[in-house]
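I'd like to ask you about the structure that follows.
The values are calculated or read from the model by the stated rules, or taken from the named source; none is laboratory data. This one's a predicted model, so the numbers in the text were calculated from it and none came from an experiment. Methodologically, a virtual Cβ is constructed for each residue, glycine included, from the backbone with ideal geometry; neighbour enumeration extends over all protein chains shown. Areas reflect the complete protein model, heavy atoms only, side chains present, ligands, DNA and RNA absent. Shrake-Rupley method; radii C 1.70, N 1.55, O 1.52, S 1.80 Å.
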Amino acid sequence: MTVVGLARSGTGAANLLSELGAIVTVTDIKTEDQLKDFIPGLKPSVRLALGSHPKDIFTKADVLIISPGVPLDIPPIAMAAKRGVPIIGELELAYQVIRSQKTEYRKQIEFLAVTGTNGKSTTTALLDFMMKKGGYKTILGGNIGNALTEEIYKQRAKSKEQNVDYIVAEASSFQLESIKDFRPKGAAIVNITPDHLDRYHSLEEYRNAKAKICENQGTGDFLVLNHDDPETMKVKSEKLKVKSVKPKIFFFSRKEEVNGIYLKNEVVYCSFQDPTPDTRHPALIKADEIKIKGVHNLENAMAASAMALLAGCPMEAVIDSLKEFHGLEHRLEFVRELHGVSYFNDSKGTNVGAVMKSLESFSGPIILIAGGRDKAGDFSLMRQLVSERVKAIVLMGEASEKIGKAVGDLTETVQAKDLKEAVAVSRKLSAEGDVVLLSPACASFDMFRDFEDRGRQFKKIIMEMQ
C-alpha cells in the first residue's frame, strides 16, 4: 500500500497499516530534510520514497491513501485512478479499519463527525468533552490536530480489545473529498463560508466537498445544520433533496425557534421534535453561563450540544460541560490585559468568515492585526464590520497590500514588516478599553510554520511586554 504525503496524517496512516500487517511505502515530494520532524515517528518497516513521486509507486499500488494536503488531481494520482487503483483518504482508512474490526471490539463503534469552515475544532473538542463527561469512552481525532489513524494505532498498542463507544472526528473538506463508505452516525455542518478558494474553483465546489459528510448517511443517522447560515442550508435544499434515504435533520439557530437547539431571550433551549412533536422546550442554559465567549462560540456550543444530546449524552453532562469547557488555543484566546488593553490570539482565524465572527464578538474599539498568505479570500466582505468596530488595522505578510486595498480606506491602516513590529505598532495605537486582536484572515505559511506557531509567537511577544 502507498501513502501519499507524510506529515501527521501520513504518519498515522502508515503506522496503522504497518501494524495491521501491510507492506507500506510513503511517498512525498518533500525531501528527507524537510520531513525530519515526522520520519522518526514512523515504524521501522515503513518504506520511504521522498523528494519525488516515482510513477511505479502509484500505478502498481494495491491502494493509495491520500493525506489531506495532497490534491486529488495531481498527475500521478490521476494516472493511478485511470488505471483503476483504489484511492481513499486517511479519514476513510480510519473508518474502514474500525468497521472491519467489529467482531474484535465486540460492538459497533460509531462515528460522530463535525465539519464546517470555522469553529469545527472547538465544536468537535467540546462534543468530545461532553461525551466523556456523559460516561462514554471516545477517541478524538481528525483535522483537529491528531490524525484519527494515529489515535487508533495508539489505542491498538495499548489493547487489541478497545472498549470505545464513539470516534469523535473533525473532518475537513480535504479529508471528505476522498471518502468512499464513510458514514457517521451523527454529523454536523457548523457553517460554510468562502475558504480554500486557492484549491477549489468555486464556493459551490467547496460546499459540495463539505456536504460529503452526509453523503452515505441514511435511516438511523442524524445531521445537525446551522439554520442561520445560507450556504449550509443549501446542503439541505440541494443535496439532501435528491437522496432517497435521508438522515434525521436537526438544526441550531441564534435567530429562530427550530427543531433542535436555539437561542431566545439570551437562553439556549432544546427542542427535538422527532419522531413526534414535543411541545416542551426545556431551557438548557443561559447564554452568559457558557464558559467560551463570543458569537461564534455560542453557535459552536449549540452545535455540540445538539450532537451530544442526539448521541445519548445526559443533559446534565451537556450543561456541566458548557459551564466548564475552556476552549481551544488560538481560537479567540485571551492572552492578557496590559494597561487597560486586552490582547486576544485568534491565529486560527485563517479566512474572512472567521475574522468577521471574531469582530462581532467585541463591543469595544479593536486594533486588528491581519495578513499572511492569501487563500483567494474576498476581504471586502469585512468592510461593514471594519467601519463599525475597527479602530486601526496593522497589516503584515504577503496579502497585506490586497487587504489594504479592500478595507484600508475605512480606518487607520499601517504596514508592519513582521509580527513583532505589528504588535509594537498596535500597542502604540491602542488606548485603555481597546482590544488588540490577532485574526489574520490568511494562512500562516509565508512567515510561520503553521497557525499554531504564529499564535504562540504572538503570545510570547505579548507576555514579554512590560
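Using only the heavy atoms of the protein chains and a 1.4 Å probe, how would Ile367, Ile39 rank by accessible area, largest first?
Ile39, Ile367
Hey, another quick one. Using only protein heavy atoms and a 1.4 Å probe, report how much of Tyr262 is accessible, in Å² to the nearest 10.
The accessible area comes out at roughly 10 Å².
Here's a follow-up. For Phe111, what accessible surface area do you get with a 1.4 Å probe? Give it in Å², rounded to 10.
Per-residue accessible area (Phe111): approximately 0 Å².
Can you give the net charge of the other residues whose Cβ lies under 12 Å from the Cβ of Leu140, counting K and R as +1 and D and E as -1?
Result for the local shell: -1.
Keeping every protein chain present and rolling a 1.4 Å probe, give me the accessible area per residue for the chain in Å².
So the chain comes to 42 Å² accessible per residue, rounded to a whole number.
Based on the mean of other beta carbon atoms within 10 Å per residue, what is the order of 426-438, 403-415, most packed first?
Descending mean neighbour count gives 426-438, 403-415.
I've got another one for you. Return the whole-Å distance between the Cα centroid of the stretch 392-427 and the Cα centroid of the stretch 110-165.
Centre-to-centre distance over Cα atoms comes out at 38 Å.
Can you give me the relative contact order of the stretch 1-146 as a percent, contacts being Cα pairs under 8 Å and 6 or more apart? Don't skip to the answer; put the middle values down first.
On the way: 184 pairs, mean separation 30.3, N = 146.
Across the stretch 1-146, relative contact order equals 21 percent.
Mind putting a number on the dipole of the chain about its Cα centre? Charges go on the C-beta only, +1 for Lys and Arg and -1 for Asp and Glu, and I need it in Debye to the nearest 20.
In total the dipole reaches around 920 debye.
Still on this structure, please answer the following. Which value, in Å² and to the nearest 10, is the accessible area of Ile74 when all protein chains are kept and the probe is 1.4 Å?
Accessible area of Ile74: about 40 Å².
Compute the Cα gyration tensor for the chain, then decide on rounded, prolate or oblate, letting a ≥ b ≥ c be the square roots of its eigenvalues: rounded whenever a/c is under 1.5, prolate when a/b is larger than b/c in the other cases, and oblate in all that remain. Don't skip to the end; give the middle numbers.
Values: a/c = 1.72, a/b = 1.18, b/c = 1.47.
Taking the square roots of the gyration eigenvalues as a ≥ b ≥ c, the chain is oblate.
Could you tell me which residue out of Ser342, Asn259, Cys313 lies farthest along the dipole of the stretch 227-354 toward its positive end? Charges go on the beta carbon: Lys and Arg +1, Asp and Glu -1, centred on the Cα centre.
Of the candidates, Asn259 comes out farthest on the positive side.
Something else: For the stretch 374-390, just list the computed ³J(HN,Hα) in residue order, Karplus coefficients 6.51, -1.76 and 1.60, θ = phi - 60°, integers in Hz, with x standing in for Gly and Pro.
Calculated HN-Hα couplings, in order: 5, 10, 6, x, 9, 6, 5, 5, 8, 4, 4, 5, 4, 5, 7, 10, 9 Hz.
Here's a follow-up. Just by accessible area at a 1.4 angstrom probe, what is the order of His201, His330 from largest to smallest?
Working: His201 160, His330 0 Å².
Correct descending sequence by accessible area is His201, His330.
What nm value, rounded to one decimal, do you get for the distance between Arg449 and Leu20 when each label is placed 7 Å out toward the C-beta?
3.0
Which order do the peptides 454-465, 223-234 take when ranked by the mean count of other beta-carbon atoms within 10 Å per residue, highest first?
Highest-to-lowest ranking by the protection proxy: 223-234, 454-465.
Near Lys391, which lysines are there with a Cα under 18 Å away, not counting those fewer than 8 places off in the same chain?
Lys357, Lys405, Lys428
Accessible area of the chain with a 1.4 Å probe: how many percent of it is carbon plus sulfur?
C and S fraction of accessible area: 50 percent.
Among all lysine pairs in the stretch 126-192 that are eight or more places apart or on different chains, how many have alpha carbons less than 24 angstrom apart?
For the stretch 126-192, qualifying lysine pairs total 13.
What length, rounded to one decimal in nm, is gained on full extension from Leu410 through to Ile39, with 0.36 nm per residue of separation minus their alpha-carbon distance?
Extra length available between Leu410 and Ile39 comes to 128.8 nm.
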